[in-house]
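First comes the structure, then the notes that go with it.
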Amino acid sequence: NMKIVVTGTRGIPDIQGGVETHCEELYPLIADKQHEIIVIRRPYYAVDRSVIVYKQVIIKDIKVLRNKHLEAFIHTFRAVLYARKVKADIVHIHAVGPALMTPLVRLLGMKAVITHHGPDYDRDKWGKFAKWILRMGEKTGMYYANHIIVISEHIRRMIQQKYPGKENITLIHNGINPVSPTRSTEYLQSLDLTEYGYILAVGRLVKEKGFDKLIEAFKQLSPVSIKLVIAGDADYQDEYTQKLKEMCKGQKNICLVGFIKGEKLAQLYTYARIFVLPSTHEGLPIALLEAMSYNCPVLASDIPANKEIELPEECYFKSGDLSCLQQALKKQLENAQTERVSYNLSAYNWPNIAGQTKEIYNSLIL
């Protein structure tokens, strides 16, 4: 049987972030008698450090100094050395920054699998040098990995343009959990919300999510008796987070509820009148897919990652365009409020995704 060490993530379980959610869902479905999975975690993100086995997945804490720019690299470096020490067969690296360590994995005689979650160097939060490092990470990863997994068609096209002739690339979508809409409304009541009486947005409070535009559009529309709820938190309290909080100060109709999950989030999705994703950058928008799995009417920016989900045209608005967003919101709000929509989400089924990933591991080792 084979041993697979997973790095490039902050860890599991219950840690905010797309890659983190991805790993938390995926690896318990892969771990079995033939596949021993060890996920390397950065301990200070852990809600409960005593959890060292999560649904058959072993969690190994490796400490590293907290630093926005270097943390991921140093952590991945230490994780690769650890993998060698425990005689891992495969190191699975998530995201393009940590992929900078791929040559080290190969040098130490292990196989490397990379999951490309999106071109992180497009994000506003990185400076020039950081962006250069992330680009280098992508380049070395693409060159030295035994296999590359991409989570969207958009990323696959991008990689094939940049690195023509690459054979070892597989598109495996990111998954979402089938959900059961909830009956309960306690959390809504605690926030003073009514069923179908609010617009919902979910995501980290970072610039590329476009929440400032959404707040702006909402304020200008100031729809009667409709509220705006934004669920998510910031990793680092920076100017942008402060700006968002300032924008919402004294606005009775806007609630920033912080990072929530589970039943509370389920209630927000179940009874949202519209879900809005105004991002300027996404790898594959999990929050949008989640909203769709609750059959919620949605509105998203027309960036390639969102367009790939192939929603009807009227569910998209021009990314970054305030008046476009305003008109789209206005139109959606005029439609029947309790109307639910059903979407086809079979490509985003976790058991299928786990099966495809396992096949890649097997092809490298068996």
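The values are calculated or read from the model by the stated rules, or taken from the named source; none is laboratory data. Keep in mind that this is a model prediction, so the values were computed, not measured. Heads up: the accessible areas ignore ligands, DNA and RNA and are worked out on the full protein's heavy atoms, side chains in. Shrake-Rupley method; radii C 1.70, N 1.55, O 1.52, S 1.80 Å.
Compute the helix-to-body angle for 350-365: its Cα long axis versus the longest principal axis of the chain, expressed 0 to 90° and rounded to tens.
20 degrees
Pull out a ≥ b ≥ c, the square roots of the eigenvalues of the alpha-carbon gyration tensor of region 211-292, then state rounded if a/c is under 1.5, prolate if not and a/b is larger than b/c, and oblate in the remaining case.
It comes out rounded by the Cα gyration axes.
How many angstrom lie between the C-alpha centres of region 271-285 and region 96-118?
A separation of 30 Å, based on Cα centres.
Specify the residue with the greatest mean-square fluctuation among 179, 105, 57, computed from a Gaussian network of the chain linking alpha-carbon atoms under 10 Å apart.
Between 179, 105, 57, it is 179 that shows the largest mean-square fluctuation.
In the Gaussian network model of the chain, springs joining C-alpha atoms below 10 Å, which of 293, 222, 301 carries the largest mean-square fluctuation?
Comparing 293, 222, 301 in the GNM, the peak value goes to 222.
Using a 1.4 Å probe, how large is the accessible area of residue 280, given in Å² and rounded to the nearest 10?
70 Å²
Between helix 71-85 and the chain, what is the angle of the helix's C-alpha long axis to the longest principal axis, kept within 0 to 90° and rounded to the nearest 10?
In the chain, helix 71-85 runs at an angle near 40 degrees to the longest axis.
What is the distance in Å between the Cα centres of region 300-314 and region 41-94?
When both Cα centres are located, 35 Å separates them.
By its C-alpha gyration tensor, with a ≥ b ≥ c as the square roots of the eigenvalues, how is region 170-209 shaped: rounded for a/c under 1.5, else prolate for a/b larger than b/c, else oblate?
It comes out oblate by the Cα gyration axes.
Using all Cα-Cα distances in the chain, what percent lands in each 20 angstrom bin from 0 up to the longest?
29, 57, 14, 0
Starting from the Cα-Cα distance between residue 139 and residue 2, subtract it from 0.36 nm times their residue separation and give me the gain in nm to one decimal.
Full extension from residue 139 to residue 2 adds 46.6 nm.
List the pairs from 166/307; 128/166; 85/358; 111/209; 131/249 whose alpha-carbon separation is above 30 Å, in the order I gave them.
Violating the 30 Å limit, Cα to Cα: 111/209; 131/249.
Angle between the Cα long axis of helix 18-30 and the longest principal axis of the chain, 0 to 90 degrees, nearest 10?
60 degrees
Would you mind checking which residues have amide H under 5 Å from residue 301's amide H? H placed 1.01 Å from N; only 5 or more apart, or other chain.
Amide H neighbours of residue 301, under 5 Å, 5+ apart: 277, 279, 317.
When you have a sec, figure out the Kirkwood radius of region 157-229 from all distinct Cα pair distances and drop it here in Å to one decimal?
Value: 16.7 Å, from the Cα pair sum.
Please work out how much length the chain gains when fully extended from residue 177 to residue 243, using 0.36 nm per residue of separation minus the C-alpha to C-alpha distance, in nm with one decimal.
The span from residue 177 to residue 243 would gain 20.5 nm if fully extended.
If you average 1/r over every pair of different alpha-carbon atoms in region 291-336 and take one over that average, what Kirkwood value in Å do you get?
That comes to 11.0 Å for region 291-336.
I need to check one value: relative contact order of region 26-185, counting alpha carbon pairs closer than 8 Å and at least 6 residues apart, in percent.
Reported relative contact order: 15 percent.
Once region 26-162 is represented by equal point scatterers at the alpha-carbon sites, with solvent omitted, what log10 I(q)/I(0) does the Debye formula produce at q = 0.14, 0.16, 0.22 Å⁻¹?
Ignoring solvent entirely, the Cα scatterers give -0.69, -0.90, -1.46.
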